[in-house]
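Trainee: I'd like to ask you about the structure that follows.
The values are calculated or read from the model by the stated rules, or taken from the named source; none is laboratory data. These figures come from a predicted structure and were not determined experimentally. Note that each Cβ is placed from the backbone with ideal geometry, even for glycine, and that neighbours are counted across all protein chains shown. Side chains included, ligands, DNA and RNA excluded: accessible areas come from the protein's heavy atoms. Shrake-Rupley method; radii C 1.70, N 1.55, O 1.52, S 1.80 Å.
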Amino acid sequence: MPALCVSIHDVAPATWKDCQCVIAAVQSVAPIPLTLLVVPRWHDLPDSQATDFYAQLNCLRNSGNELVLHGYTHLDAGPPPRNLLENFKRRVLTRSEGEFATLCAVAARQRIRAGLQWFAHQGWDTKGFVAPAWMMSEATLAELTQTGLSYASSYGALIGLPHLQKLHAPALVYTARYALGDALVRTAISQLAALQTRKKAALIRLGLHPADARNPATLAHMQRLIASLLPGRLAMTKSTFVQSWQAASVKIQ
Ligand SMILES: [Zn+2]
């Protein structure tokens, strides 16, 4: 049965209220397993004493949801953009949040390691890594093959590690960062989901952001979309999907 993976991006103490609102909106449709993309040091803020946040993430983790490393600070601290296109991508489209967009191997390794250590400190493991804004330098991707993680993802694909096999699966996201109006984004998402359904895509990825909590029309659209997809798709965490995908690839070889 084809899969549906729903991810909650940018999970951190500072965004937790909005994340909870988005999670509740999803769970009011069906209690499906979610993939939570957690940022250890969101926007370089001091480590939080928000014990409720950690306790609630533990609770979600213990009840079948997945926690995934989502960068370290979620801030692009790389060298200045070299041209107009890069400037548009890094400063406008992703609002300087593409932390791994231009990192060299050493810097990428340091941040990935720091993130994994932070996860270990919380008593959590992670099977995957999702770069903020899905922007990864080649060096970042190469570093990820050395981590023991089993997957990463880009905007357009799921990437198996360590062999970098790709599964085309564009993420459906409502994020207000697009220049398109909200209504147009919702229409585009409906059409993309319908296309993927017609193509019997093995995986549909839906990515939700804290900002979606503040847009009732987005939440309502997301709920209708999940309800329409669930009869034909099994909802699962990304690591569960990757496990069966990688096992199937081995059998085919
Ligand atoms: Zn993010």
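Trainee: Just to be sure I understand the model, the point goes 7 Å from the Cα along the line to the Cβ. What's the resulting CYS21 to ARG224 distance in nm?
Mentor: Rounded to a tenth, the inter-label distance reads 2.1 nm.
Trainee: Here is a further query. Would you mind working out the magnitude of the charge dipole of the chain relative to its Cα centre, with +1 at each Lys and Arg C-beta and -1 at each Asp and Glu C-beta, to the nearest 20 Debye?
Mentor: With Lys and Arg at +1 and Asp and Glu at -1, about 740 debye.
Trainee: Taking the chain as a Gaussian network, where each spring joins two C-alpha atoms under 10 Å apart, which residue of HIS70, HIS163, HIS221 fluctuates the most?
Mentor: HIS163
Trainee: Leaving ligands, DNA and RNA out of it, rank SER244, SER154 by accessible area with a 1.4 Å probe, largest first.
Mentor: Correct descending sequence by accessible area is SER244, SER154.
Trainee: What does DSSP give for the chain in terms of the percent of beta bridges that are antiparallel, rounded to the nearest 5?
Mentor: Bridges in the chain that DSSP calls antiparallel: roughly 25 percent.
Trainee: So what does the Cα-only Debye profile of the chain read at q = 0.08 Å⁻¹, as log10 I(q)/I(0), no solvent term?
Mentor: Each listed q maps to, in turn, -0.29.
Trainee: Report the label-to-label distance for THR145 and LYS166 in nanometres (one decimal), using points 7 Å from each Cα along the Cα→Cβ vector.
Mentor: The two pseudo-label positions are separated by 1.4 nm.
Trainee: Another question, then. Restricting to DSSP H runs of at least four residues, report the calculated mean residue ellipticity at 222 nm for the chain, -39500 (n - 2.57) per run over all residues, nearest 500 deg cm²/dmol.
Mentor: Working: 8 runs with 99 residues, N = 253.
So the calculated ellipticity at 222 nm is -12000 deg cm²/dmol.
Trainee: Using a Förster distance of 22 angstrom, determine the FRET efficiency expected from the C-beta separation of SER249 and TYR155, and round it to 0.05.
Mentor: 0.50
Trainee: How far apart, in nm, are the 7 Å Cα→Cβ label points at LEU192 and ALA105?
Mentor: For LEU192 paired with ALA105, the spin-label model returns 3.3 nm.
Trainee: Considering amide H positions built from the backbone, and no H for Pro or chain starts, which residues 5 or more places from ALA3, or on another chain, come under 5 Å of its amide H?
Mentor: Residues meeting the amide H criterion: LEU203, ILE204, LEU234.
Trainee: Given the options VAL106, VAL242, VAL38, state which has the largest fluctuation in a GNM of the chain using a 10 Å cut-off (strictly under) for Cα springs.
Mentor: VAL106
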